[in-house]
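Participant: For reference, the structure I am asking about is given below.
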2 protein chains.
Amino acid sequence: MDVRTIEQFLELSIGRWRSQRSGHHLAFGHFEEVRSTIDITALAGDDPAVIELCHQHDVAAGAISHPFAMHWQGESDWDENAAFEGSNVLVPVPDLADPKAGRLLRDKGYAETVAAVGRYALQPDGTFLLITEYDRASAEERIWFATPNLRFRVSLIKTRDGNGVMTASFSSEIRSLPSHEQK
Amino acid sequence: MDVRTIEQFLELSIGRWRSQRSGHHLAFGHFEEVRSTIDITALAGDDPAVIELCHQHDVAAGAISHPFAMHWQGESDWDENAAFEGSNVLVPVPDLADPKAGRLLRDKGYAETVAAVGRYALQPDGTFLLITEYDRASAEERIWFATPNLRFRVSLIKTRDGNGVMTASFSSEIRSLPSHEQK
């Protein structure tokens, strides 16, 4: 479907999603299957976690747009005990020159090892492209809506120089709760 | 990577590919894992299979570009006996008005039940988008190169009205044989 603004993309993303994710470990040809529930909730601009994240990155409160929290809970077929859970606070900071691109601030939450800042840009076809550089790797995520209630995500983990792709994963995310029914 | 023309896309595609494909059956949340080998070979414009396909669709031999054959062989985890194999001849017919878009003629090969004609268009980000309408469903495929030796494919099978997505699949395809070493 045609998503034309970052605001529209973020508003469509709010809700509870049932996710099926397949990981491809390219060097070994391994598959991984993950099922999870993802909750994406809008945050107020004056939420303490948002204010703290802005403060850490020297970003003015007025420069941000549509902050949100993600919480996920699921299990992988790689280990029967591998139930996992985590959450993040994410704050988009649109570029002044281009409202379709900007930085995405992310805190450590309670499952990540590092905070990160990614670069996002909405593509002409409505795909949200997010690139996050880490010390030794980079992550490239493409998220797009097929319908308002179905979105797809392709994530690549690359070597830092961008030439090697180590893992690729594909998620199908189906809305399981309309956003207005959420707490 | 930046693919700017259909010719470049098709030339990069020639070769042998080791494919990992994950299918997501959305209504039931099922996963399917498929491993296969895909051989894509260039065909001459005067190959009898190409001439026959052009004839069936009333297409002049001079209107086509870069015909090719695909052959695949693999197995699915859904059934231990589910080894499968098939092949197709495919003929791109570029639009006169736009060399980045056109029709893709496909024969029945020896595994498909129907011949088909799809519409393709190279997207600004280098993704090859192919939409094929069938009687009761439509198929949407997006294929893009991460590097010259790694390509990804997302395929959706939709209801004919385009509103429902029944299955989504994701393939990682790694080149296993340089094109000049192929027969």
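Participant: Considering only segment B:112-125, state which residues are within 12 Å of chain A (Cβ to nearest Cβ) and at pLDDT below 95.
Facilitator: B:Gln123, B:Pro124, B:Asp125
Participant: So B:Arg4 ticks every box in (1) farther than 25 Å from B:Leu122 by Cα; (2) in a loop (DSSP other than H, G, I, E, B) but one. Which box is left unticked?
Facilitator: Of the numbered conditions (1) farther than 25 Å from B:Leu122 by Cα; (2) in a loop (DSSP other than H, G, I, E, B), the odd one out for B:Arg4 is (1).
Participant: Looking at (1) over 26 Å from B:Gly29 (Cβ atoms); (2) exposed (fewer than 15 other Cβ atoms within 10 Å of the Cβ); (3) among the charged types (D, E, K, R), can you tell me which one A:Asp77 breaks?
Facilitator: The number of the failed condition is (1).
Participant: Can you find even one residue in segment A:56-64 that is of a type outside the set (Asp, Glu) and within 14 Å of chain B (Cβ to nearest Cβ)?
Facilitator: No: segment A:56-64 contains no residue that is of a type outside the set (Asp, Glu) and within 14 Å of chain B (Cβ to nearest Cβ).
Participant: Follow-up. Taking the residues in segment A:126-164 that are farther than 19 Å from A:Val114 by Cα and modelled with pLDDT under 90 as candidates, determine which candidate is farthest from the other protein chains (Cβ to nearest Cβ).
Facilitator: A:Asp161
Participant: Can you find a residue that is of a type in the set (Gly, Ala, Ser), crowded, with 16+ Cβ neighbours inside 10 Å and in a loop (DSSP other than H, G, I, E, B) anywhere in segment B:54-63?
Facilitator: No, every residue in segment B:54-63 fails to be of a type in the set (Gly, Ala, Ser), crowded, with 16+ Cβ neighbours inside 10 Å and in a loop (DSSP other than H, G, I, E, B).
Participant: In addition: Looking at (1) within 27 Å of B:Gln8 (Cβ to Cβ); (2) within 20 Å of the chain's Cα centre (by Cα); (3) not in a loop (DSSP other than H, G, I, E, B), which is the only condition B:His66 fails?
Facilitator: So B:His66 meets the others, but not (3).
Participant: I'm trying to understand the selection: among the residues of segment A:1-26, which are in contact with a Gly (Cβ under 9 Å, 6 or more places away or on another chain) and of a type in the set (Gly, Ala, Ser)?
Facilitator: A:Ser19, A:Ser22 - these are the residues of segment A:1-26 that are in contact with a Gly (Cβ under 9 Å, 6 or more places away or on another chain) and of a type in the set (Gly, Ala, Ser).
Participant: Among the residues of segment B:1-53 satisfying the criterion of being away from chain A (no Cβ under 14 Å) and among the polar types (S, T, N, Q), which is surrounded by the most Cβ atoms within 10 Å (Cβ to Cβ)?
Facilitator: Taking the candidates together, the pick is B:Ser13.
Participant: Additional query: Output the qualifying pairs, or none if there are none: Cβ atoms under 7 angstrom, residues six or more apart or on different chains, first residue in segment A:44-64 and closer than 14 Å to A:Ala116 by Cα, second residue part of a helix (DSSP H, G or I).
Facilitator: A:Cys54/A:Ala61
Participant: Specify the residue that is surrounded by the fewest Cβ atoms within 10 Å (Cβ to Cβ); the eligible residues are those in segment A:95-147 that are among the charged types (D, E, K, R) and closer than 30 Å to B:Ser138 by Cβ.
Facilitator: A:Asp125
The values are calculated or read from the model by the stated rules, or taken from the named source; none is laboratory data. Keep in mind the model is a prediction, meaning the values are calculated, not measured. Every residue, glycine among them, receives a Cβ derived from its backbone with ideal geometry; neighbour counts consider all protein chains shown.
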